[in-house]
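Take a look at the structure set out below.
The values are calculated or read from the model by the stated rules, or taken from the named source; none is laboratory data. Nothing here was measured: the structure is a model prediction, and the numbers come from that model. Using ideal geometry, Cβ is built from the backbone for each residue, glycine included, and neighbour counts are taken over all protein chains shown.
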Amino acid sequence: MRSLLFVPADSPRKLEKSLASGADAVIVDLEDSIAPANKEAARVGARDFLTAAKALTKRPLLMLRVNALDSGLVERDLDVVMAAAPDAVMLPKSRRGADVQHLSVKLAVREAERDLPDGSTTILPIATETAGAIFGLASYAGASSRLMGLTWGAEDLAAELAAETNRLTDGTYADAFRLARALTLFAARAAGVDPIDTVYPNFRDLAGLRAECEAARRDGFVAKMAIHPGQIAVINDVFTPSAEAVARAKTIVAAFAADPAAGVLNLDGAMIDRPHLKQAERLLARI
């Protein structure tokens with residue numbers, strides 16, 4: 001999974017267009033993009049869209065972003081939309097691993113009620129949207145078998161911190177937000193799940209998006225979220241391993257397979273060791 005596209009659940013036109021966007025995952029949003037008065041209609045729209053999309057032969061991963069656990073809205077979100085059996089649920093404003101466990105219980109009940117396989121609905125938390133959540137990042141490791149990844153958010157965090165902006169004049173993140181991003185990467189790897197980078201809000205600036213994607217890939221992120229279909233091609237291009245990278249990874253794996261007792265090998269004049277093998281295996285697992 002390289003790209004995840006947010007789509008408001010109360011826009012049938014945008015939902016339909018999302019299926020042709022090329023996104024690996026579509027996030028049907030019931031939270032920030034939906035006005036309070038439209039929540040119920042959005043739930044019905046999400047359910048109907050997901051039901052129809054799940055029947056398609058070729059489709060993206062279908063994810064539902066519910067409202068936050070403390071909003072008083074998540075029970076109704078799940079009661080209505082779990083009938084459509086989304087592949088995954090995005091949990092906004094997650095504070096710690098216990099929040100994933102809390103949501104997991106809610107999902108287990110609704111899976112049982114609808115004769116869905118236990119554990120079939122995975123969870124992707126947005127793990128940095130509150131100040132306190134930073135201190136809970138280590139708790140995601142081992143929290144739930146449903147955990148599919150970790151991502152972070154810079155917009156809600158800026159509001160939480162009363163920051164004037166989350167980016168510097170050159171477009172890069174200010175220190176507090178760089179810290180949140182880095183800690184999410186560490187927490188995801190510690191939990192053994194995919195680290196997923198946050199959105200790039202200026203959807204017209206494709207050069208800036210590409211630069212941010214390349215920096216994220218360099219640091220270890222494997223995917224990026226998007227707010228506009230026009231961003232998907234760039235994200236997919238950057239996060240798709242190149243033919244050269246795939247060939248190199250296969251060569252490393254083959255070299256260690258031919259000499260399984262080796263700790264260090266000489267490959268094309270360069271020394272490679274077990275960390276290189278681990279990186280190669282991870283890259284090949286993504287194709």
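Per-structure values
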item	result
Some residue of region 135-156 being more than 19 Å from the chain's Cα centre (by Cα), of a type outside the set (S, T, N, Q) and at pLDDT 95 or above	yes
Selection status of Ile252, assigned to a helix (DSSP H, G or I), touching a strand residue (DSSP E or B) at 6+ places or on another chain (Cβ under 7 Å), β-branched (Val, Ile, Thr) and outside the structural domain of Gly142 (by TED's automatic domain parsing)	yes
Lone unmet requirement of (1) farther than 26 Å from Leu168 by Cα; (2) assigned to a strand (DSSP E or B) for Ala261	(2)
Residues of region 172-201 satisfying the condition of being without any contact (Cβ under 8 Å) to a residue 12 or more places away in the chain and in contact with a Lys or Arg (Cβ under 7 Å, 6 or more places away or on another chain)	Ala174
Failed condition for Ser33, given (1) modelled with pLDDT of 95 or more; (2) closer than 19 Å to Thr198 by Cα; (3) part of a loop (DSSP other than H, G, I, E, B)	(1)
Single residue of region 223-249 satisfying the filter (among the charged types (D, E, K, R) and either surrounded by fewer than 18 Cβ atoms within 10 Å (Cβ to Cβ) or assigned to a helix (DSSP H, G or I) (or both)) that is modelled with the lowest pLDDT	Glu244
When residues of region 1-46 are limited to those that are touching a Leu at 6+ places or on another chain (Cβ under 6 Å) and either among the hydroxyl-bearing types (Ser, Thr, Tyr) or not assigned by TED's automatic domain parsing to the domain that holds Leu150 (or both), the one surrounded by the most Cβ atoms within 10 Å (Cβ to Cβ)	Ser18
The one condition in (1) in contact (Cβ under 8 Å) with a residue 40 or more places away in the chain; (2) acidic (Asp, Glu); (3) farther than 22 Å from Leu157 by Cα that Glu16 fails to fulfil	(1)
Selection count, region 36-59, where residues are of a type in the set (A, V, I, L, M, F, W, C), without any contact (Cβ under 8 Å) to a residue 24 or more places away in the chain and over 22 Å from Leu116 (Cβ atoms)	1
Ala216 being over 16 Å from Leu5 (Cα atoms), part of a helix (DSSP H, G or I) and within 20 Å of the chain's Cα centre (by Cα)	yes
Residue match in region 113-135 (condition: closer than 22 Å to Ala226 by Cβ, touching a Leu at 6+ places or on another chain (Cβ under 7 Å), in contact (Cβ under 8 Å) with a residue 24 or more places away in the chain and acidic (Asp, Glu))	yes
Met63 touching a residue at least 60 places away in the same chain (Cβ under 8 Å) and either touching a strand residue (DSSP E or B) at 6+ places or on another chain (Cβ under 8 Å) or part of a helix (DSSP H, G or I) (or both)	yes
Residue, surrounded by the most Cβ atoms within 10 Å (Cβ to Cβ), within region 47-63, restricted to residues that are under 21 Å from Asn236 (Cα atoms) and touching a helix residue (DSSP H, G or I) at 6+ places or on another chain (Cβ under 6 Å)	Leu62
Of the criteria (1) loosely packed, with under 13 Cβ neighbours inside 10 Å; (2) touching a Phe, Trp or Tyr at 6+ places or on another chain (Cβ under 8 Å), which one Ala261 fails	(2)
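The rows are residues; the columns are (1) in the same structural domain as Val26 (by TED's automatic domain parsing); (2) among the acidic types (Asp, Glu); (3) crowded, with 22+ Cβ neighbours inside 10 Å.
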residue	(1), (2), (3)
Ala182	yes, no, no
Asp194	yes, yes, no
Arg204	yes, no, no
Ala207	yes, no, no
Glu212	yes, yes, yes
Arg217	yes, no, no
Phe221	yes, no, yes
